[in-house]
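Beneath this line is the structure, given in structure tokens, with notes to follow.
The values are calculated or read from the model by the stated rules, or taken from the named source; none is laboratory data. Because the structure is a prediction, the values reported are computed rather than measured. Cβ placement follows ideal geometry from the backbone for every residue including glycine, while neighbour counts extend to all protein chains displayed. Keep in mind that these areas ignore ligands, DNA and RNA; they rest on the heavy atoms of the full protein, side chains included. Shrake-Rupley method; radii C 1.70, N 1.55, O 1.52, S 1.80 Å.
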Amino acid sequence: TTWVFNFLTPEAPEGRSLLFFLMVCCLGLSIAIPTAYSGERALAFAVFFVAMEVGRSLFTAVVMHDRADPGYNDRRRQTFVRITAWKVMTGILWLLGGAASREETRLLLWPVALGVDYCAPAHGFWLPWLGQSFPEDWDVIGAHMAERCALFILICLGESIMTVGQIVTSMPVPLSRKQVLAVSTCFANLVALWWTYFRFSHGQVAHAIETSSNPGFIARQAFTYGHIPIVVGIVLTAVSMRYVLELDDFADYSFRTKTFSIIGGPFTHLAGTLFFRSVVSHKIMAPHVAGLAALATLYGLCWSSAFPVESVLVVAFVVAAVMFLVAAWEFHYEQHHVRVHTAKAVIARRVGQLRQLSARVLLPRRSRTSSSSSGRGASPPDDDDDDDNDNGESLPLSSTRVSARVLAEDR
């Protein structure tokens with residue numbers, strides 16, 4: 001939907017009609033999701049999902065066909081025709097999984113359909129009779145993409161906080177010290193996820209996309225693929241909160257199983273953030289790499305039973321500490337680079353000023369020297385020429401003093 005509304009306007013009648021249709025489909029999905037995998041409403045879930053996916057791309061292709069500017073909009077229309085064809089093919093898998101009577105069949109078909117949906121953009125939605133689309137055909141709006149994806153991440157984090165609140169309301173009051181510490185640790189983990197993602201200014205993302213020679217490629221890598229592990233990490237972290245708060249429903253789960261989501265959630269989120277940042281800024285962030293190494297080491301200790309305390313609360317506390325250290329290190333890392341960049345800019349400006357000053361000082365002297373030599377020919381200089389040379393040689397001395405003063409101010 002975010003990609004579609006790079007080309008459609010929500011204020012226009014066709015944009016509002018599409019949004020209304022998508023809202024109806026989302027309402028049906030929200031009703032069917034709780035029992036979709038168990039089979040009770042699996043077919044309803046598949047019908048609403050396929051209707052949303054196929055209807056969105058088909059509607060956009062029709063709107064593109066009716067618009068003016070046939071040259072560029074025709075390439076867009078062909079792209080959405082390809083997308084519609086791919087959505088129809090994967091929709092068959094979704095519907096077959098929803099109609100299957102066995103849960104194992106559903107768990108086989110739906111992941112395959114989801115994988116095909118996410119692999120298709122990487123291949124340009126290639127079709128035998130239409131070829132493929134290229135990222136150059138996607139003239140996206142960087143600010144729009146960055147804002148919508150950031151809002152989606154914010155909604156995911158907000159839902160996770162509400163999950164913590166719902167769990168706390170089911171606990172007997174007053175809460176024990178251990179329960180208060182567990183709730184605080186869960187909240188700290190969510191704050192750390194928020195900090196590591198929103199620390200990177202999305203104005204920089206929008207600027208990188210809009211100034212790139214291939215904005216469609218950067219948007220596809222950063223938003224279509226880069227945000228998948230970020231969202232998965234938030235979901236895993238939300239699941240791990242139930243382990244940290246030690247609900248009775250998960251008392252039989254092993255320590256390894258619990259630590260997998262407690263550590264795996266922030267690890268996946270951090271890996272996605274690292275990929276997202278590297279695509280946009282073309283830099284590998286050292287704090288993220290160090291954080292991933294620390295979390296991997298922590299999970300290795302928990303898996304090998306070498307962790308000193310077999311407590312999910314202690315593990316969650318260590319994970320939160322690692323994530324906060326990564327965020328703080330990243331802040332210091334970026335501030336250092338800002339200072340270095342500013343210092344380089346100041347030095348470059350001062351060097352330019354010194355060059356201009358040297359040119360102003362030396363140019364009159366050279367002109368006087370050339371004029372005197374052309375007027376007197378090869379005759380030896382007289383006393384007046386010596387005086388002129390003495391006066392001329394005093395100018396470079398003054399420029400040297402000015403240069404020393406400018407350098408002293410820079411220091």
- Item | ILE141, ILE155, ILE230, reordered so the largest accessible area comes first (probe 1.4 Å) | ILE155, ILE141, ILE230
- Task: Taking amide H positions as placed in the peptide plane 1.01 Å from N, state which residues far from LEU127 in sequence (5 or more) or on other chains have amide H under 5 Å from it.
- Result: GLN132
- To the nearest 10 square angstrom, what accessible area does HIS282 show with a 1.4 Å probe? 140
- When only alpha-carbon atoms count, how far does the range 137-180 stretch along each of its three principal axes, as whole angstroms with the largest first? 59, 16, 12
- Whole-percent carbon and sulfur contribution to the accessible surface of the range 204-319 (1.4 Å, no ligands, DNA or RNA) stands at 63
- Which lysines does LYS283 reach when only Cα atoms under 24 Å apart count, and residues fewer than 8 places away in its own chain are ignored? LYS344
- Query: When the chain is fully extended, how far beyond the present Cα-Cα distance does ILE92 get from LEU154, taking 0.36 nm per residue of separation?
  - Reply: 19.1 nm
- Task: With label points built 7 Å along Cα→Cβ from the Cα atoms of HIS282 and VAL173, find their separation and express it in nm.
- Result: 5.7
- Message: Could you put MET23, MET52 in order of accessible surface area, largest first, with the 1.4 Å probe and the full protein assembly present?
- Response: MET23, MET52
- Item | Apportionment of accessible area to carbon and sulfur, the range 40-195, percent (1.4 Å) | 69
- Note on the structure: Quick calc, ALA359 & PHE21: beta-carbon distance into FRET formula, R0 45 Å, rounding 0.05, result 0.10
